[in-house]
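Peer 1: One structure, pasted below without further comment.
The values are calculated or read from the model by the stated rules, or taken from the named source; none is laboratory data. This is a predicted model, so every value here is computed, not measured. Counting neighbours? That spans all protein chains shown, and the Cβs are built from the backbone with ideal geometry, glycine included. All accessible areas refer to the heavy atoms of the entire protein, side chains included, with ligands and DNA or RNA removed. Shrake-Rupley method; radii C 1.70, N 1.55, O 1.52, S 1.80 Å.
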Amino acid sequence: MGFRGLLSKGRRSSWDFLKVRRLRGIAVQGASAGSTTNKTMQSSGPRMCTSSRPSPYWTVPNTSTTSLASCSHLMTASKPESFRIRAAAFGSRTSLLQQALRDEACCNKKQKLSQSSTTDVQRFRRFQSTKAPTVSRERVECVVIGAGVVGLAIARELAMVGREVWVIEADTDIGTGISSRNSEVIHAGIYYPPGSFKAKLCVEGRQAMYSYCEAHGVPYKRAGKLIVATQSQQVPVLEKLAKVGKDNGVTDLCLIEASEAQEMEPQLQCVKALWSPSSGILDSHSFMLALQADAEEHGASFAFNTSMIGGAISNRNIEIYAGSTADLTAGETTQVVLCANMVVNSTGLHAQSVARSLKGLSASTIPKSHYARGCYFSLSGVKSPFSHLIYPVPEDGGLGCHVTMDLSGQIKFGPDVEWLPNLGDNVTIMTQFDYTVEPRRMDKFYSEIRKYYPSLPDSALQPDYAGIRPKLSGSGELTADFLIQGEDSHGVPGLVQLYGIESPGLTACLAIAKVVCAKLCK
């Protein structure tokens, strides 16, 4: 059985689990999607976790070995109940195979096995051998590379229009990159040039996101945002933002005086503010789980711990060379070639390096990479001073060191902007990014935050987490738009490349998915 036998539609898996299934030819029968329901969720909603978003520093199971024990652990740790049911079925079949081998040795082949059990034993022996399996070539319809929030939204959209969708993700779970290292803010669409992708897709995505969260029981809150001018010379910036926002279709913006802003937030200091009532916050991990559940329910399949290491464009299809992330990191070669009709590169920080690995794609179509790290510091030992999002006027490369909060009310400040000029086009598919929060950056945070929150106590900030933004413009340059390339841009049928999907990528993800689907399903 080839790679097509690795996944059954609507089921999540890891590369290790898939490899075991391929070598044995075992089709694991599990509970149907939605057979188990979290009692704390609405009964009509999709399967999802109701816990708060995991820390960006959460640990994941080590899947560097393909032993049966590691497969069993991976399949049962931190997975939904229906997935554990499938894991139990898998473990049961494993035990039968091991017993068959023992019986064969003890009886010295005196007892004949049936044809089907013999086949299973032979396949199991091949799995146990130290020889690498032969590289297989498999036809697939659509491959989405990357299971961040944008990749999940795209997989869902394509699955809903009837496409056979396979999502490959180098990590062991969804949303472990950019999608878990942001402010979790639903943006209104204020900052972006009218007519740009960021403006259009942010406004459309914000409306779609609120509707989706409401329909699927994803926790969210329309907290509202105050963009504040702390000096009189910043007031024209607010006025310009108000005009840009209205041109983008944000119709509920209102310029207010300092006294009105301080009535809303007594701890706030400003000379004027722009009030955006349609801005909000959400539990981004629950949102991603809902997208994944939706995609699975419409037949999409997920393979985690599965990395793309290259590819080639032919006259007939797009070839993706892939294998176990752990094995590839250890220096092993390609383990499968996926021959796809459609491929979506939704790999965030690695988008350019993935594109460069595709033989036959013109290098002139790949934009230059820029990266900026942003750190977050949480407020500790102080009662939450704000109930709304508080943003200063934008700065070079970002929206300023702003105040956001999670749904439990925990306040955090950030991100700042630290350009990483040494990365650029040196990033490869296997590059591991540094998410260290450097305490020395705290001094700048205090000075920036006290411009609008002067009563911030000393020692109230604690390092929280950091994220890295994939940018298409560098320091001092005009902020670049999203770049969504289809055949009209690079000449390759069935290929969509997503570059520079930074903020407001989370807000815009559902709208981005529709654009990608339209390019692929003409």
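Peer 1: Considering only the stretch 242-254, I want to know if a residue exists there that is among the aliphatic types (A, V, I, L, M), on the phi < 0 side of the Ramachandran plot and surrounded by fewer than 17 Cβ atoms within 10 Å (Cβ to Cβ).
Peer 2: No, there is no match, as no residue in the stretch 242-254 is among the aliphatic types (A, V, I, L, M), on the phi < 0 side of the Ramachandran plot and surrounded by fewer than 17 Cβ atoms within 10 Å (Cβ to Cβ).
Peer 1: Restricting the first residue to the stretch 460-474 and requiring it to be among the acidic types (Asp, Glu), which pairs with a second residue that is assigned to a strand (DSSP E or B) meet a Cβ separation below 7 Å and a spacing of at least six or different chains?
Peer 2: Asp464/Tyr376; Asp464/Phe377; Asp464/Ser378; Asp464/Lys412
Peer 1: A further question follows. Can you tell me how many residues in the stretch 395-430 are touching a residue at least 60 places away in the same chain (Cβ under 8 Å), small (Gly, Ala, Ser) and part of a loop (DSSP other than H, G, I, E, B)?
Peer 2: 2
For (1) touching a helix residue (DSSP H, G or I) at 6+ places or on another chain (Cβ under 6 Å); (2) among the basic types (Lys, Arg); (3) modelled with pLDDT of 95 or more, each residue gets a yes or a no:
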position: Asn345; (1), (2), (3): yes, no, yes
position: Gly348; (1), (2), (3): yes, no, yes
position: Gln352; (1), (2), (3): no, no, yes
position: Lys359; (1), (2), (3): no, yes, yes
position: Ser364; (1), (2), (3): no, no, yes
position: Pro367; (1), (2), (3): no, no, yes
position: Ser380; (1), (2), (3): no, no, no
position: Ser384; (1), (2), (3): no, no, no
position: Ile390; (1), (2), (3): no, no, yes
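Peer 1: Can you pull out the strands (runs of 3 or more DSSP E) entirely within the stretch 245-329 that have at least 1 residues that are within 27 Å of the chain's Cα centre (by Cα)?
Peer 2: 272-276, 280-282, 301-304, 306-313, 318-324
Peer 1: Just to be sure before I move on: is Phe433 assigned to a loop (DSSP other than H, G, I, E, B) and aromatic (Phe, Trp, Tyr) in the structure I sent?
Peer 2: yes
Peer 1: Here's another thing I want to ask about it. Kindly establish whether Ala460 is farther than 22 Å from Ser369 by Cβ and in contact with a strand residue (DSSP E or B) (Cβ under 7 Å, 6 or more places away or on another chain).
Peer 2: Criteria met by Ala460.
Peer 1: Which of the following residues is hydrophobic (A, V, I, L, M, F, W, C), surrounded by 22 or more Cβ atoms within 10 Å (Cβ to Cβ) and more than 20 Å from the chain's Cα centre (by Cα): Ile190, Ile186?
Peer 2: Ile190
Peer 1: Does the stretch 223-235 contain any residue that is part of a helix (DSSP H, G or I) and touching a helix residue (DSSP H, G or I) at 6+ places or on another chain (Cβ under 8 Å)?
Peer 2: Scanning the stretch 223-235, I find no residue that is part of a helix (DSSP H, G or I) and touching a helix residue (DSSP H, G or I) at 6+ places or on another chain (Cβ under 8 Å), so the answer is no.
Peer 1: Pull up the stretch 436-478, narrow it to residues that are among the aliphatic types (A, V, I, L, M) and in a loop (DSSP other than H, G, I, E, B), then point me to the one that is nearest to Tyr321 (Cα to Cα).
Peer 2: Leu472
Peer 1: Consider the stretch 421-439. How many of its residues are surrounded by 17 or more Cβ atoms within 10 Å (Cβ to Cβ) and over 30 Å from Thr334 (Cβ atoms)?
Peer 2: Total satisfying the criteria: 1.
Peer 1: Which residue pairs have Cβ atoms under 8 Å apart, sit 6 or more places apart or on different chains, and have a first residue in the stretch 190-203 that is within 12 Å of Val244 (Cβ to Cβ) and a second that is open to solvent by 70 Å² or more (accessible area, probe 1.4 Å)?
Peer 2: Every condition considered, the pairs that remain are Pro194/Asp247; Ala199/Pro193.
Peer 1: Here's a follow-up. Only one residue in Asp481, Asp458 is over 17 Å from Gly400 (Cβ atoms) and open to solvent by 60 Å² or more (accessible area, probe 1.4 Å). Which one?
Peer 2: Asp458
Peer 1: Might you let me know whether the stretch 493-505 holds any residue that is out of contact with any strand residue (DSSP E or B) (no Cβ under 7 Å at 6 or more places or on another chain), of a type in the set (D, E, K, R), assigned to a loop (DSSP other than H, G, I, E, B) and touching a residue at least 24 places away in the same chain (Cβ under 8 Å)?
Peer 2: No, that holds for no residue.
Peer 1: If I filter the stretch 331-343 for residues that are charged (D, E, K, R) and either in a strand (DSSP E or B) or surrounded by fewer than 19 Cβ atoms within 10 Å (Cβ to Cβ) (or both), do I get at least one hit?
Peer 2: Yes, because at least one residue in the stretch 331-343 is charged (D, E, K, R) and either in a strand (DSSP E or B) or surrounded by fewer than 19 Cβ atoms within 10 Å (Cβ to Cβ) (or both).
Peer 1: While we're looking at this one, here's another question. Are any of the residues in the stretch 225-237 within 28 Å of Gly151 (Cβ to Cβ) and open to solvent by less than 10 Å² (accessible area, probe 1.4 Å)?
Peer 2: Yes - at least one qualifying residue is present in the stretch 225-237.
Peer 1: Out of Gly205, Gly175, I need the residue that is assigned to a helix (DSSP H, G or I) and under 27 Å from the mean Cα position of the chain (by Cα). Which one?
Peer 2: Being assigned to a helix (DSSP H, G or I) and under 27 Å from the mean Cα position of the chain (by Cα) holds for just one of Gly205, Gly175, which is Gly205.
Peer 1: Have a look at Ser314, Ser324, Ser278 and point out the one that is touching a residue at least 40 places away in the same chain (Cβ under 8 Å) and crowded, with 23+ Cβ neighbours inside 10 Å.
Peer 2: Within the list Ser314, Ser324, Ser278, the selection yields Ser324.
Peer 1: Can you tell me which of (1) open to solvent by 40 Å² or more (accessible area, probe 1.4 Å); (2) more than 30 Å from Leu328 (Cα to Cα) is the one Asp171 doesn't meet?
Peer 2: Result: Asp171 fails condition (2) only.
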